[in-house]
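The numbers here are math on the coordinates, done by the rules we state, and not lab data. Being a predicted model, the structure only gives us computed values, none of them experimental. Reconstructed Cβ throughout: ideal geometry from the backbone, glycine too, with neighbour counts over all protein chains shown.
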Amino acid sequence: MWLNSSKIKDILKNEVFYCNFDEEDSVTLRLRSEIVNWLGLKLTTKQEQATIKLEIDNKLDKNLEAYQIKEQQIRGTSSKGVLYGFYAYLRRKLIKLPLEETSAPQQALRMINHWDQVDGTVERGYAGKSIFFGRFGSNDNTDKGSFEVKDIGTDIFRNDFTRLEMYGRFLASIGINAISLNNVNVRGLGTSLIISPYIEKVSEIAKIFSSFGIKTFLAVNWSAPKIIGKLSSSDPLECEVRLWWSKVISHIYQVIPDFGGFVVKADSEGEPGPYQYGRNHAEGANMLAEAFQAYQGLVIWRTFVYNSQTDWRNRKNDRAKAAYENFMPLDGKFAENVILQIKFGPIDFGVREPLMPLFGALKKTNQLMEFQITAEYLGQQIDLNYSVPQWLSMIHFSNYGQAKDTVRDNSPVPSNSGFVAINNVGMDENWCGNKLAQANFYGFGRMCWDNNLNAEQILDEWLKLTFSEIDAITQKKIFTILISSNRTYELYNAPLSVGSMMVPHYHYGPAVNGYEYDRWGAYHFADCNGVGVDRTVATGTGYTSLYEPSIAKKFESLEEIADEDLLFFHHVNYNYILHNGKTLIQTIYDQHFEGVSCVKNYIKVWQSVSGEVDEDTYNNVAERLNLQLCNAQNWCDQVNTYFYRMSGIDDNQGRQIYK
Ligand code: GCU
């Protein structure tokens, strides 16, 4: 990926490192080992021989993770600060930036979720099997739409510790400090990861991550007291249930003293939760929080709670309102060590969604904004989709006025807030299935650290680190493709924020009515007159009212709403004239054709880098671009044909539509 050890070694071969640490911990030991074992560089015990000094200065900053770099010095407020400074030093060396920087992370929690399952499969994974679980050699793309967990025998762990060490390094180098290992849909043996003998194995993984400054978390099944504890109930107010959890948690801390806590998906898409017992989510989360209190552990509680048995016949039902309705009334009711993990948008990681209105509105509850690096709805690492521009636009969107730091500023315990994302890595040779999809992994970490960086800067950094051997012109070509790729995907996938026209469950490729008459609450309501979801207060579901009044007004009004957001909020006729001066139907046609032509252009540009980038990367991306073209063409043909047949209106350019 972006840390090319031989290149770094070459640049630093004449340097002699010296570690000035009063005390050693697992992170300082890791630092020493990074210098000596990973990079094979010199480390001296004599200060006067040193050319680069590493030291801890607890007065450097009030942030314990801060660092300061100078030409011959890397300092940190703590050992973790030095670690981040060390990778920043390497990054700056590699891309030839001045060795002068003082920096502290903006987000306290910078977390990665894995949706890995104990049989080695990865829910929504597009880069081969799990790096944590499973014993088999195969590196298939596992997402075939079935997420059943198989029993694979006694040792469910992959035990590939070398790979995990590499992974820990990648994570730390971009500032990640928390990770959950297993899928939030906790099934089969996954439920038992929190108890012996599995938790002892988890501790071996946690130890590696810990040395990279990363805390390990596990996702838990809400019904674990019943499923593995054999209790008659999992009711959070039952004494024996509370006792059971506190015993389990106390045992975890004996085995993993710096364990991070639990991630919980409760009352969501069929997963069990407190509603089953007539309890609310605060009661559910606080019960666990109490058991964690003595250990400073966290309960990360997801707000992805909606009715997945929606009646499509009732147009007033609106899944977009669900998280707000379930959680807003509980603002201020959660314990200090509970954090709500909230998806950035109100539906499900679509290529165009407005910001989830809970952000800005919640003022008394700790929060994490959730992103999806694994490209479930964004082309599945087949189609190119550098998503950092979209993520940053969510972070910078101001609801109730606190763009950028809304999440931190509205969390009563700011150290219990931040960003989290489901990662896109697996056993695939290049970790991400598509080499260029690494940019999203890198970009997520960098934007957690500093969301004042823009998408262009982050991409530029990643390209320079990853493709250091190629010239600036070639780098620029790849840059041009990637920087426009999120928009290109939107053009042929879901223009004007229509969303949800994809193949059900699998979520790749078009199926215009795939979800239309189903129970999942993701509709477009196309008819012979128009398309879009009326979420206005005046005539629709009233969702717009969940935003700050000035924003609500903008979304409510056809005059004020941006074209890109139109169909998420309004049902409009095909002949309606957009701000772009064209009719809705013509815009639908144009954007789909434009999407296809952008992909054709990407292929041409990519062909022109042949011989410049290494052969594996060239072939990997070329193969995927060809698949992307088929996908884009398919979207274009199906969506345009569908809307032609619905509306009977011709494309004014006379292009190919299948009548
Ligand atoms: C999406 C995704 C599921 C996942 C869920 C979640 O709906 O399709 O696979 O379990 O999100 O975030 O929990």
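Write down the percent of antiparallel bridges among all DSSP beta bridges whose residues are both part of the chain, to the nearest 5.
25
Could you list the residues of region 52-83 with an amide nitrogen less than 19 Å from a label point located 7 Å from the Cα of Trp38 in the Cα-to-C-beta direction?
Answer for region 52-83: 52-56, 65-70, 73-83.
State the extension gain, in nm to one decimal, for the chain segment bounded by Ile227 and Ile577, taking 0.36 nm per residue of separation less the distance between their alpha-carbons.
120.3 nm
What FRET efficiency comes out for the pair Lys93/Glu615, r = Cβ-Cβ distance, R0 = 22 Å, nearest 0.05?
Rounded to the nearest 0.05, the efficiency is 0.20.
Between Asn307 and Cys630, what is the FRET efficiency for a Förster distance of 25 Å, r being their Cβ-Cβ separation, to the nearest 0.05?
0.10
Quick one: check the C-alpha center-to-center distance for region 1-75 versus region 319-363, whole angstrom.
For region 1-75 versus region 319-363, the Cα centre distance is 41 Å.
Could you tell me the relative contact order of the chain? Use alpha-carbon pairs under 8 Å, at least six residues apart, and round to a whole percent.
Rounded, it is 11 percent for the chain.
Figure the gain on full extension for Glu516 and Ser468 (residue separation times 0.36 nm, minus the Cα-Cα span) and round it to one decimal in nm.
Length gained between Glu516 and Ser468: 12.6 nm.
Run the reach check for Lys476 against lysines, Cα to Cα strictly under 23 Å, same-chain hits fewer than 8 apart removed. What comes back?
Candidates past the 8-residue exclusion: Lys7, Lys93, Lys96, Lys435, Lys464, Lys600, Lys604.
State, to one decimal in nm, how far the label point of Asp450 lies from the label point of Val255, with both points 7 Å from Cα in the Cβ direction.
4.0
Could you list which residues have their amide H under 5 Å from that of Leu298, counting only those 5 or more apart in sequence or on another chain, with H placed in the peptide plane?
Here the answer is Gly261, Phe262, since their amide H atoms fall under 5 Å of that of Leu298.
Could you tell me which helices of the chain pass both thresholds, a Cα extent of 30 Å or more along their own axis and a mean Kyte-Doolittle hydropathy of at least -1.0, with helices taken as whole DSSP H runs?
Length and hydropathy pass: 584-607, 615-647.
Once label points are set 7 Å from the Cα along Cα→Cβ at both Glu336 and Leu558, what is their separation, rounded to one decimal in nm?
Here the answer is 5.3 nm between the modelled labels.
Would you calculate a helix-derived [θ] at 222 nm for the chain, using -39,500 (n - 2.57) for each DSSP H run of n ≥ 4 and dividing by the full residue count, to the nearest 500?
Using -39500 (n - 2.57) per qualifying helix, the result is -10500 deg cm²/dmol.
Pull up the cross-link candidates among the aspartates and glutamates for Lys247, meaning alpha carbon to alpha carbon under 15 Å and not fewer than 8 places away within one chain.
Of all the aspartates and glutamates, those that pass the test against Lys247 - Cα under 15 Å, at least 8 places apart if same chain - are Glu238, Glu290.
Using a Cα-Cα cut-off of under 14 Å, which aspartates and glutamates could be cross-linked to Lys265, ignoring same-chain neighbours fewer than 8 residues away?
Once the sequence-local aspartates and glutamates are set aside, what remains near Lys265 is Glu370.
How do the peptides 541-550, 175-184 rank, highest first, by the average count of neighbouring beta carbon atoms within 10 Å per residue?
The peptides rank, most packed first, as 175-184, 541-550.
Restricting to bridges with both residues inside region 5-103, how much of the DSSP beta-bridge set is antiparallel, in percent to the nearest 5?
40
Express in whole angstrom the spacing between the alpha-carbon centres of region 218-288 and region 187-201.
Using only Cα atoms to place each centre, the spacing works out to 14 Å.
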